[in-house]
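**Q** Before we start, here is the structure in question, set down as structure tokens.
Every number here is computed from the coordinates shown, using simple stated rules; none is lab data. Since the structure is predicted, the reported quantities are computational estimates derived from the model, not experimental observations. Reconstructed Cβ throughout: ideal geometry from the backbone, glycine too, with neighbour counts over all protein chains shown.
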Amino acid sequence: MVYIVDDDQNVRDGFMMLLKSAGFKCSPFESAEEFLKNYEKGVNDLLILDMHLLGMNGCTLLEKLDKKG
């Protein structure tokens, strides 16, 4: 699963089109908070993350994920 966290709809859509055309499953989120509410840890997950999000920024999200293991 490829998670895309970006507050720009055009960026999310662009990544989604590219990754889906290559056969990847994708799940887009417009905020770090939304991602954390819905994230379920998997074995082969990938996170594409905007570091300059409104609200919780990308660095803070990475710190929270690191604490969760």
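**Q** Here are a few candidate values for Rg/Rh (Cα atoms, Kirkwood Rh): (i) 1.00; (ii) 0.95; (iii) 1.05. Which one was actually calculated from the structure I just gave you?
**A** Computing Rg/Rh (Cα atoms, Kirkwood Rh) and matching it to (i) 1.00; (ii) 0.95; (iii) 1.05 gives (ii).
**Q** Right, here's the next one. Any idea what the relative contact order of the stretch 1-41 is, in percent, if you count C-alpha pairs under 8 Å spaced at least 6 apart?
**A** For the stretch 1-41, the relative contact order is 49 percent.
**Q** What's the longest uninterrupted piece of the chain once you rule out the trypsin sites (Lys or Arg not before Pro) that are loop residues per DSSP with at most 12 other Cβ within 10 Å?
**A** Longest site-free region, per DSSP loop and neighbour criteria: 42-69.
**Q** So which GluC sites (Glu not before Pro) in the chain are both in a DSSP loop and have at most 11 other Cβ atoms within 10 Å of their Cβ?
**A** Qualifying residues, ordered by number: GLU40.
**Q** In addition: From Cα pairs below 8 angstrom and at least 6 apart in sequence, can you work out the relative contact order of the chain, rounded to a whole percent?
**A** In percent, rounded to a whole number, it is 38.
**Q** Could you list which residues have their amide H under 5 Å from that of CYS26, counting only those 5 or more apart in sequence or on another chain, with H placed in the peptide plane?
**A** VAL2
**Q** By the scheme Lys and Arg +1, Asp and Glu -1, what is the net charge of all other residues having a beta-carbon under 13 Å from that of ASP8?
**A** That sum, taken over residues with Cβ under 13 Å, equals -4.
**Q** Something else about it: Express as a percent, rounded to the nearest 5, the fraction of DSSP beta bridges in the chain (both residues included) that run antiparallel.
**A** Looking only at bridges with both residues in the chain, the antiparallel portion is about 0 percent.
**Q** Between GLU33 and SER21, what is the spin-label point distance in nm, taking each point 7 Å from the Cα along the Cα→C-beta axis?
**A** 3.4 nm
**Q** Follow-up question, since we're still on this one. Provide the per-residue ³J(HN,Hα) series for the stretch 50-64, in order, calculated from phi with Karplus coefficients 6.51, -1.76, 1.60 and θ = phi - 60°, each as a whole number of Hz, with x at glycine and proline positions.
**A** 6, 7, 10, 6, 6, x, 5, 7, x, 5, 5, 4, 4, 4, 5
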